[in-house]
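Chemist: What follows is a single structure, and I will ask about it in a moment.
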Amino acid sequence: MICHNGNFIESELESNRGFLFGDGFFESMRFFKNRILFEELHKKRIQESASLLQLDCDDSLIEQIISDIHHLCKENNLLNHARVRLSIYRVGGRLYASNSNEINYLITASELESFYQFSDKGTSLGIFEDQLKSPGKYSCIKSLSSQLYVMASIYAQQNNFDEVVILNHEGNCIEGNTSNLFLIKDDSIVTPPITDGCVDGVFRNYLIDLLQKENYNVKIESISHDRIANADELFFCNAIKGIRWTQSIEGNNYQNKKTKDIY
């Protein structure tokens, strides 16, 4: 029995490592017309994230999870446009060291109004400087320990920004609070390397591969504050919202012509 808000109840929260320690990761997916977009890329990232965290999640279990996603969306009548969140956390004890690497998983699904759209109005952008993100072995995953992104999102909300840029320990711009970052300067399309600390986004990987196949000049390089200020265009992307162009940041206004062509 535990005490929750003054109520004494039976619960498994006291042994839920996702709740206690953020010991796990999550995956956000877009469900569209009875399929998961970029399904193979999502499965690859689930497998790689589980391996990094030493979680037991083999191919057969991933296939079961994919099947459960389809079943949940069908049960909730969300076959056309849905946001799916998969949370995976370690089974084990109530201390830092676990006695198991097996997993539990939780899947939720909610309705999305429409498919990807290119807005006539770009996003307003700010810089989040309250906390820097350190690159490392685990910085590429979407960890259940997401306090940095929560606080960055609160900062964006309080300052009427649509997105804010996350900085790493060297002050480089590595990503947004919800999306991966790209800039366009002349004929080059630039996005930060994973080694700078950004999340290894599914849409990011899809877009890099697509642009390279279409013979765009794609560069994976660190992005300084000066490069942001002097860019021709900026855009963010993720698997849920697709591509969103930036209209302004710190008094700098941006175009969207090439971003629109990419979209």
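The values are calculated or read from the model by the stated rules, or taken from the named source; none is laboratory data. A quick note: this is a predicted structure, and the numbers were derived from the prediction, not measured. Cβ coordinates were reconstructed from backbone atoms using ideal geometry, including for glycine residues, and neighbour counts include every protein chain displayed. Side chains are part of the model used for accessible areas, which takes the heavy atoms of the whole protein and leaves out ligands, DNA and RNA. Shrake-Rupley method; radii C 1.70, N 1.55, O 1.52, S 1.80 Å.
Chemist: Show the residue pairs meeting these rules: Cβ distance below 8 Å; 6+ apart or different chains; first residue within the range 239-263 and under 13 Å from Leu181 (Cα atoms) and of a type in the set (Gly, Ala, Ser); second residue open to solvent by 90 Å² or more (accessible area, probe 1.4 Å) and assigned to a loop (DSSP other than H, G, I, E, B).
Modeler: Taking only residues 6 or more apart or on different chains, the pairs are Gly242/Gln117; Gly242/Tyr263.
Chemist: Residues of the range 162-192 being free of Cβ contacts under 8 Å to residues at least 60 places away in the same chain and open to solvent by 20 Å² or more (accessible area, probe 1.4 Å), which ones?
Modeler: Within the range 162-192, His169, Glu170, Gly171, Asn172, Lys185, Asp186, Asp187 qualify.
Chemist: Moving on. Kindly indicate the residue of the range 193-219 that is of a type in the set (D, E, K, R) and open to solvent by less than 30 Å² (accessible area, probe 1.4 Å) and also farthest from the chain's Cα centre (by Cα) among those meeting that condition.
Modeler: Per the criteria, the residue is Asp196.
Chemist: If you don't mind, another one. Restricting the range 96-112 to residues that are among the aliphatic types (A, V, I, L, M) and out of contact with any helix residue (DSSP H, G or I) (no Cβ under 9 Å at 6 or more places or on another chain), which is farthest from Phe19 (Cα to Cα)?
Modeler: Leu112
Chemist: Among the candidates Glu75, Glu14, single out the residue that is modelled with pLDDT under 95 and more than 21 Å from Lys142 (Cα to Cα).
Modeler: Exactly one of Glu75, Glu14 is modelled with pLDDT under 95 and more than 21 Å from Lys142 (Cα to Cα), namely Glu14.
Chemist: Given the condition under 15 Å from Gln247 (Cβ atoms), modelled with pLDDT of 95 or more and either within 14 Å of the chain's Cα centre (by Cα) or not in a loop (DSSP other than H, G, I, E, B) (or both), answer yes or no: does some residue in the range 129-152 qualify?
Modeler: No, the range 129-152 contains no residue that is under 15 Å from Gln247 (Cβ atoms), modelled with pLDDT of 95 or more and either within 14 Å of the chain's Cα centre (by Cα) or not in a loop (DSSP other than H, G, I, E, B) (or both).
Chemist: Counting residues that are basic (Lys, Arg), open to solvent by 20 Å² or more (accessible area, probe 1.4 Å) and touching a residue at least 12 places away in the same chain (Cβ under 8 Å), which strands (runs of 3 or more DSSP E) fully inside the range 1-112 reach at least 2?
Modeler: Counting at least 2 such residues, we get 81-90.
Chemist: Now for a different question. Checking the structure you have, find out if any residue of the range 219-241 is modelled with pLDDT of 95 or more and on the phi > 0 side of the Ramachandran plot.
Modeler: The answer is no, given that none of the residues of the range 219-241 is modelled with pLDDT of 95 or more and on the phi > 0 side of the Ramachandran plot.
Chemist: As an exercise: evaluate Leu148 against (1) of a type outside the set (Gly, Ala, Ser); (2) without any contact (Cβ under 8 Å) to a residue 24 or more places away in the chain; (3) open to solvent by 50 Å² or more (accessible area, probe 1.4 Å) and give the number of the one condition it does not meet.
Modeler: Failed condition: (3).
Chemist: Only one of (1) farther than 30 Å from Asn160 by Cβ; (2) aromatic (Phe, Trp, Tyr); (3) open to solvent by less than 30 Å² (accessible area, probe 1.4 Å); (4) free of Cβ contacts under 8 Å to residues at least 60 places away in the same chain is not met by Phe128, so which one is it?
Modeler: (1)
Chemist: How many residues does the range 223-263 contain that are of a type in the set (Gly, Ala, Ser), surrounded by fewer than 16 Cβ atoms within 10 Å (Cβ to Cβ) and in contact with a strand residue (DSSP E or B) (Cβ under 9 Å, 6 or more places away or on another chain)?
Modeler: 3
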